[in-house]
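> What follows is a single structure, and I will ask about it in a moment.
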Amino acid sequence: IKNIAVLTSGGDAPGMNACIRAVIRTGIYHGINMFGVMQGYQGLINNNIKPMDSYSVCNILQLGGTILKTARCLDFKTPEGMQIAYDNLQKNDINGLVVIGGDGTFTGAKLFSEKYNVKVIGVPGTIDNDLAGSDFTLGYDTAINTVIEAVDKIRDTADAHDRLFFVEVMGRGSGCIALRSAIASGAEAVLLPEKETSIEDLIQKLKLGASTKKSSSIVIVAEGHKQGGAFDVAKRVKETFNHYDTKVTILGHLQRGGSPSSFDRILGSRLGFAAVNALVAGESGKMVGLKGNDIALTSLNEALTKHSYKLEDDLMEMTKVLSI
Ligand code: F6P
């Protein structure tokens with residue numbers, strides 16, 4: 001393999017820059033010409049591909065966001081768009097691609113690697129942690145830390161005013177951030193997209209707390225919960241349970257930014273290093289991930305399925321027990 005390009009696509013995630021740095025420097029170490037693609041798949045279509053040297057990734061390890069920018073590219077979903085992307089790779093003589101992103105990114109990468117003669121390796125980069133084949137995705141740990149820092153602060157004011165707070169966290173289809181941050185912040189209840197929790201059950205839980213010595217409570221709501229977001233849930237609860245003064249906080253995109261945690265810096269470095277080594281070893285159509293403390297390869301196909309196992313039943317049970 002002579003020339004490798006790297007891109008970031010979909011929602012950004014803290015640790016992507018650490019990963020880009022590792023990809024570029026590992027490639028250079030192997031004597032490979034390295035390229036960066038700007039704005040994800042859109043940059044492949046626009047031929048926005050630039051050579052990168054070791055210096056071009058100086059001082060980025062600690063930064064959130066992505067120096068390569070990112071986009072959710074609709075054109076790449078069309079056969080015409082994919083063809084243009086391939087033609088541009090050909091023009092630049094690039095035969096290896098590292099894509100850092102989440103499920104949308106991997107869906108594109110899978111089709112692309114099946115259709116064209118380009119070796120593609122995926123790196124799981126999404127705060128959602130919703131890919132099979134890696135216990136953790138890049139950015140997930142930092143996002144949870146951001147959430148718990150925010151909820152700790154909300155807890156102070158909730159306690160001072162004896163209020164009930166509904167805090168909405170990211171995850172349209174994934175409750176991973178919600179579940180882990182609920183445990184780490186000691187939330188009274190958590191609502192996940194993958195699990196049915198009725199408003200009646202939630203009210204029972206809150207009533208129980210109010211009947212003991214709980215003067216305030218926090219409910220974490222994943223944005224993709226079936227009963228709606230935090231505003232909807234708060235409204236429904238208030239209709240029949242008015243014990244507390246109720247407030248809503250939407251944490252939103254602040255969960256995607258910030259300097260990566262040590263865990264995400266190390267994970268990004270390990271996965272970037274492993275991605276290039278996989279391409280050098282002739283692998284394609286696979287994702288590099290972390291299983292236990294080992295790097296593992298999983299087919300992109302498998303990575304896109306079966307992620308709900310990450311909502312372990314014991315953790316679910318624990319949120320109920322530890323919040324009585
Ligand atoms: O996939 C990462 C994620 O942050 C999800 O948790 C969230 O639902 C979505 O992206 C938001 O996407 P956008 O930034 O395009 O609004």
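> What are the ³J(HN,Hα) values, in whole Hz, obtained from phi via the Karplus relation 6.51 cos²θ - 1.76 cosθ + 1.60 with θ = phi - 60°, for each residue of region 157-174 in sequence order, with x given for Gly and Pro?
6, 4, 5, 4, 9, 6, 10, 9, 10, 9, 10, 8, 10, 6, x, 5, x, 10
> Go through 164-173, 52-61 and give me the packing order, highest mean Cβ count within 10 Å leading. Show your work: numbers first, answer last.
Values: 164-173: 23.1, 52-61: 14.7.
Result, highest mean Cβ count within 10 Å first: 164-173, 52-61.
> Mind putting a number on the dipole of the chain about its Cα centre? Charges go on the C-beta only, +1 for Lys and Arg and -1 for Asp and Glu, and I need it in Debye to the nearest 20.
On the way: 34 positive and 35 negative charges, 93 e Å.
In debye, rounded to 20, the chain gives about 440.
> Taking the DSSP beta bridges in the chain as the whole, what percent of them are antiparallel, to the nearest 5?
Values: 10 of 43 bridges.
Once the DSSP bridges in the chain are tallied, antiparallel ones form about 25 percent.
> Give me, ordered by chain and number, the residues 5 or more places off MET287 or on other chains with an amide H under 5 Å from its own placed amide H.
GLY122, THR298, SER299, LEU300
> Under the rule a/c < 1.5 gives rounded, and otherwise a/b versus b/c splits prolate from oblate, where does region 137-210 land using the Cα gyration tensor? Walk me through the numbers before you get to the answer.
On the way: a/c = 2.67, a/b = 1.20, b/c = 2.22.
Because a/c hits 1.5 or more and a/b fails to exceed b/c, region 137-210 counts as oblate.
> Can you pull the accessible area of HIS161 for me, 1.4 Å probe, Å² to the nearest 10?
100
> Related question: Quick one: compute the contact order of the chain, relative version, from alpha carbon pairs under 8 angstrom and 6+ residues apart, as a percent.
Averaging sequence separation for qualifying contacts and normalising by length gives 25 percent for the chain.
> Please name whichever of SER215, LEU97, LEU297 sits farthest to the positive end of the charge dipole of the chain, dipole taken about the Cα centre and charges placed at Cβ: Lys and Arg +1, Asp and Glu -1.
My answer, from the dipole projection, is LEU97.
> In terms of the Cα gyration tensor, with a ≥ b ≥ c the square roots of its eigenvalues, is region 5-139 rounded because a/c is under 1.5, prolate because a/b exceeds b/c, or oblate? Can you show the working numbers first?
Details: a/c = 1.59, a/b = 1.11, b/c = 1.44.
It is oblate, given that a/c is not under 1.5 and a/b is not larger than b/c.
> If amide hydrogens are placed 1.01 Å from N in the peptide plane, which non-local residues have theirs closer than 5 Å to the one on LYS247?
When sequence neighbours closer than 5 places are left aside, the close amide H contacts are LEU164, PHE165, PHE166.
> First check a/c for the chain, with a ≥ b ≥ c the square roots of the eigenvalues of its C-alpha gyration tensor; if it is under 1.5, answer rounded, and if not, answer prolate when a/b is larger than b/c or oblate otherwise.
Prolate is the answer for the chain, as a/c is 1.5 or above and a/b outweighs b/c.
> Take the chain, connect every pair of alpha-carbon atoms lying under 10 Å apart with a spring to form a Gaussian network, then pick out the residue of ASN47, ASN117, ASN88 with the largest mean-square fluctuation.
Residue with maximal mean-square fluctuation among ASN47, ASN117, ASN88: ASN117.
The values are calculated or read from the model by the stated rules, or taken from the named source; none is laboratory data. Source: prediction; values computed, not measured. Heads up, the Cβs are rebuilt from the backbone with ideal geometry, glycines too, and the neighbour counts pull from every protein chain shown. When the accessible area is computed, the model is the full protein with side chains, heavy atoms only, and any ligands, DNA or RNA have been set aside. Shrake-Rupley method; radii C 1.70, N 1.55, O 1.52, S 1.80 Å.
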